[in-house]
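Data block below; observations after.
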Amino acid sequence: VQLQASGGGLVQAGGSLRLSCASSRRIFRNTYMGWFRQPPGKERELVAGIDAGGRKNFTDSVKGRFTISKDNAENTMYLQMTNLKPEDTAVYYCQMRFGLHDINWGQGTQVTVSS
């Protein structure tokens, strides 16, 4: 499975970006999907996810600003990011799980937010 992440870039604080993650494999309603990020010098952290039941969860720092969605027909997941802050600067990675031990990562896309 290949996951192609895109949409990162340089944006001013308060701006918006939409990240995309396209899967080479068909996704289903119960496919777990998530966006993670790794700020410089820090550990990778979960930003947002959609579980097998379709429930969405977000880390506290992005609640109300980020939205996660997916398009099963296009085999693509999105992360809409608004009101971006400098602390959102990180490499963003997408993840899709097609089974308990079938965990797949995208290559990462850089998001840089200037103050």
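Roughly how many debye, to the nearest 20, is the charge dipole of the chain about its Cα centre, given +1 on each Lys and Arg Cβ, -1 on each Asp and Glu Cβ, and no other charges?
Computed about the Cα centre, the dipole is about 200 debye.
Taking every pair of distinct Cα atoms and averaging 1/r, then inverting, what Kirkwood hydrodynamic radius in Å comes out for the chain?
So the Kirkwood estimate lands at 14.0 Å.
Take the Cα radius of gyration of the stretch 58-108 and divide it by 2.2 N^0.38 Å, with N its residue count; two decimals is plenty.
1.31
If we count every other residue with Cβ under 14 angstrom of GLN80's Cβ, Lys/Arg +1 and Asp/Glu -1, where does the sum land?
Summing Lys/Arg as +1 and Asp/Glu as -1 gives +3.
If you count only protein heavy atoms with a 1.4 Å probe, what accessible area per residue comes out for the chain, rounded to a whole Å²?
54
May I ask you to rank ARG25, ARG65 by accessible area, largest first, using a 1.4 Å probe over the protein chains only?
The ordering from most to least exposed comes out as ARG25, ARG65.
Heavy atoms of the protein only, probe of 1.4 Å, neighbouring chains included. What is the accessible area of VAL1 in Å², nearest 10?
Only protein atoms counted, so the area is about 80 Å².
Find which of PRO40, ASN30, LEU3 sits farthest along the positive direction of the dipole of the chain, computed with +1 on the beta-carbon of Lys and Arg, -1 on that of Asp and Glu, about the Cα centre.
ASN30
Report, for the chain, the % of DSSP beta bridges that are antiparallel, rounded to 5.
So the antiparallel bridges amount to about 90 percent of the total.
log₁₀ I(q)/I(0) of the stretch 39-83 at q = 0.16, 0.25 Å⁻¹, via Debye over equal Cα point scatterers, no solvent, to two decimals?
Taking Cα atoms of the stretch 39-83 as identical point scatterers yields -0.50, -0.99.
The values are calculated or read from the model by the stated rules, or taken from the named source; none is laboratory data. These figures come from a predicted structure and were not determined experimentally. Neighbour counts run over all protein chains shown; Cβ positions are idealised from the backbone, glycine included. For the accessible areas, the whole protein counts, side chains as well, though only heavy atoms, and no ligand, DNA or RNA atoms are used. Shrake-Rupley method; radii C 1.70, N 1.55, O 1.52, S 1.80 Å.
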